[in-house]
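Shown next, in structure tokens, is the structure this report addresses.
Values in this text are rule-based calculations from the coordinates and carry no lab data. All values reported here derive from a predicted model rather than from experimental measurement. Every residue, glycine among them, receives a Cβ derived from its backbone with ideal geometry; neighbour counts consider all protein chains shown.
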Amino acid sequence: MKEIFSSHPLASQPRFVTQIEELMPTLPRQEAKVAQFILLNAGELGFETGASIAMKAGTSEVTVSRLLSRLGYRGMPGLKREMQADQSAGQLGFARSTTLDDDPLKDMLDAEVRALITVFEQFSGDRAARLVETVAEARSVFVTGFQSVRGAAEDFSRRLAIARDDVRFLAAHDSMLTEWVGAAQTDTDGKPDCLIVVDVVPYAREAPVLCQMCRDAGRDLVVVSDESCHWAQNHTDLIVHAPSRSGLLLESTGALVAALNVLVHAVAERDPKGMRERLQRWQSMTRKVNLF
């Protein structure tokens with residue numbers, strides 16, 4: 001099964017994607033950043049250059065060239081020639097017919113749909129199963145988010161609390177981390193607490209600090225971020241990348257919210273009978289206070 005999350009809705013993977021997935025665990029850190037960018041933007045590489053990839057991945061052109069050489073390509077022209085051959089064979093590309101075919105919004109729509117496909121693809125495979133198990137089985141789950149996505153993170157924490165017990169939103173500034181004053185706890189089965197970090201560009205200064213504090217205390221860590229996030233892999237491999245660049249004026253949060261919604265669903269799906277009972281209890285309580 002795939003171990004590295006990718007962003008391309010493909011029936012069969014092109015060769016360079018397979019190569020990168022196989023090499024990823026052994027790549028130097030800077031080349032790994034380039035490799036991750038390529039995996040998350042495989043469908044749009046035809047519009048990129050070595051310089052643009054270096055800029056977006058936060059590396060140098062030399063690093064991009066070094067990775068491409070490692071993969072057996074003579075720079076971006078060599079990779080693009082292979083991509084063109086794959087496209088001719090029907091292996092790459094994204095097609096969708098809508099009433100927006102002649103509208104400037106069509107490209108944005110296609111990008112948003114690709115981003116959603118990317119998210120759903122990431123919830124299959126061994127790593128995804130481990131991520132969901134980590135969240136579902138944790139003794140307590142802390143959720144944190146910053147600035148423009150804090151609202152989405154808070155909403156997610158409330159939704160996740162419907163699917164499992166002991167979920168709390170962690171606001172580093174509001175509560176001054178009093179939730180973590182005590183020692184990190186584990187349950188009787190040895191399952192530790194878990195922190196879920198939701199963050200996007202421009203990344204909050206607190207995010208990597210909290211991630212390191214989380215790991216130092218022995219807590220598990222899950223990060224849900226955008227396609228440009230490279231710092232998360234320094235702290236955990238349980239990462240969901242939700243592409244945010246669709247051509248809109250501001251980065252889109254559609255895929256990010258979808259990733260959080262799918263995670264709630266995946267946690268709830270582990271125990272359908274228990275979930276039905278939880279929903280019944282929750283609905284009974286809300287009826288008593290006329291919430292709806």
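How big is the antiparallel share of DSSP beta bridges in the chain, given as a percent to the nearest 5? Present the calculation step by step, with values, prior to reporting the outcome.
Working: 1 of 17 bridges.
Counting only bridges with both partners in the chain, antiparallel ones make up about 5 percent.
Mind checking which helices in the chain clear 18 Å along their axis (Cα) and have mean Kyte-Doolittle hydropathy of 0.5 or more, DSSP H runs only?
Working: long enough: 75-88 (21 Å, -1.16); 105-121 (24 Å, 0.56); 150-163 (20 Å, -0.24); 254-269 (22 Å, 1.66); 272-288 (24 Å, -1.95).
Span-like helices, by this rule, are 105-121, 254-269.
As a calculated quantity, the FRET efficiency between R70 and E277 at R0 = 45 Å, using C-beta atoms, amounts to about 0.30. Of the cross-linked pairs K191/K288; K56/K191; K80/K106, those separated by over 26 Å at the C-alpha level are K191/K288; K56/K191.
Checking every one of the trypsin sites (Lys or Arg not before Pro) in segment 125-227 against DSSP loop status and a limit of 15 other Cβ atoms within 10 Å picks out R205. Under 5 Å from the amide H of F169 lie the amide H atoms of V143, each residue being 5 or more positions distant or on a separate chain, with H modelled from the backbone and absent for Pro and chain starts. When DSSP beta bridges are restricted to pairs lying wholly in segment 114-287, around 5% turn out antiparallel.
Look at the alpha carbon pairs under 8 Å that are at least 6 residues apart: their mean separation over the length of the chain gives a relative contact order of 18 percent. An oblate overall shape is assigned to segment 98-157, the ratio a/c of its alpha-carbon gyration tensor axes (a ≥ b ≥ c) being 1.5 or greater and a/b not exceeding b/c. Remark: the Cα gyration tensor places the chain in the prolate category, a/c being 1.5 or greater and a/b exceeding b/c.
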